[in-house]
Amino acid sequence: MSRQSVLRLLKNDVVARVRFSVAVNNGTVTVNKETFTRVATAIEDGRVNLTILPANEMPWNGSGAVYFSTAGNANNPTYISKYGAAIPANSLFSRETFGRVEEGLLIHEAVHASLDLTSSTGIITTHEEAACYIAEVLYNRRMGLSLTRITEQIRVAALPVVNSIIRTGTADATKYQDLVNTITAHPLYSGNATLCYTRDG
């Protein structure tokens, strides 16, 4: 996937149909067309640094896409050997080879990036991740991805929320809380479930 392909993805008609609102711990998160055009514009004007790499060179091992709102460090030895460990703030990474699943991962990270660009602070990690997973799986469903390809625990938990959005236009509150609970218990997030990501615009 090229830089232009990423920009086209963030501006396309399917992504414009990824729209919903969820009540989070400190208010509401709304995801819509502006979420993704905001990120595309930030890439174009240099406020977000987009880097496209082969899968084996992604800064975090196994990631399809990843966003750093603040400066961080890579954990992939292959990346580190070529580029060093330090990663600057406002960096979005994407794999160069993409299908619908990987596009969904980029949509997930674009929600993180948009929340950073708008300095949306105070959202507990589990709620922010819930919004990002909903956006990812909603995109997958809008693209006609087979349900048999949605197998990971958190994404499976996001499906009932996504289905309620598709059916009614509204995220079912009970199903949303089930998703938040799944994320809270997941080993990837349980250690910082009550913390907030740093947002600096």
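Tabulated data for the structure shown
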{"quantity": "Residue among ILE87, ILE52 that alone is closer than 17 Å to ARG3 by Cβ and more than 15 Å from the chain's Cα centre (by Cα)", "calculated": "ILE52"}
{"quantity": "Residue match in the range 6-20 (condition: touching a strand residue (DSSP E or B) at 6+ places or on another chain (Cβ under 7 Å), farther than 13 Å from ALA135 by Cα and surrounded by fewer than 22 Cβ atoms within 10 Å (Cβ to Cβ))", "calculated": "no"}
{"quantity": "Residues satisfying the stated conditions in the range 99-147, i.e. of a type outside the set (A, V, I, L, M), in contact with a helix residue (DSSP H, G or I) (Cβ under 7 Å, 6 or more places away or on another chain) and farther than 15 Å from LEU159 by Cβ", "calculated": "ARG100, GLU103, HIS112, SER114, THR125, THR126, HIS127, GLU128, GLU129"}
{"quantity": "Residue under evaluation ILE183, criteria (1) assigned to a loop (DSSP other than H, G, I, E, B); (2) within 25 Å of SER119 (Cβ to Cβ); (3) not acidic (Asp, Glu), criterion not met", "calculated": "(1)"}
{"quantity": "Test for CYS196: is it under 17 Å from VAL29 (Cβ atoms), open to solvent by less than 30 Å² (accessible area, probe 1.4 Å) and in contact (Cβ under 8 Å) with a residue 24 or more places away in the chain", "calculated": "no"}
{"quantity": "Within the range 119-169, considering residues that are surrounded by 24 or more Cβ atoms within 10 Å (Cβ to Cβ) and small (Gly, Ala, Ser), the one farthest from ASN181 (Cα to Cα)", "calculated": "ALA135"}
{"quantity": "Residue in the range 96-108 that is aliphatic (A, V, I, L, M) and either free of Cβ contacts under 8 Å to residues at least 24 places away in the same chain or out of contact with any Asp or Glu (no Cβ under 8 Å at 6 or more places or on another chain) (or both) present", "calculated": "yes"}
{"quantity": "Qualifying positions in the range 79-118 - open to solvent by 50 Å² or more (accessible area, probe 1.4 Å), at pLDDT 95 or above and either among the small types (Gly, Ala, Ser) or outside any loop (DSSP other than H, G, I, E, B) (or both)", "calculated": "ILE80, SER81, LYS82, TYR83, ALA86"}
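Let's see how each residue does on (1) modelled with pLDDT under 95; (2) in contact with a His (Cβ under 6 Å, 6 or more places away or on another chain); (3) within 16 Å of GLU96 (Cβ to Cβ); (4) not in a strand (DSSP E or B):
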site	(1), (2), (3), (4)
ALA23	no, no, no, no
VAL29	no, no, no, no
THR37	no, no, no, yes
ALA40	no, no, no, yes
LEU50	no, no, yes, no
ASN56	no, no, yes, yes
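The values are calculated or read from the model by the stated rules, or taken from the named source; none is laboratory data. Owing to the predicted nature of the structure, the values given are computational and were not obtained by experimental measurement. Because the Cβ atoms are built from the backbone with ideal geometry, glycine has one as well, and the counts that use them run over all protein chains shown. Note: accessible area is taken over every heavy atom of the protein model, side chains too, but ligands, DNA and RNA are not part of it. Shrake-Rupley method; radii C 1.70, N 1.55, O 1.52, S 1.80 Å.
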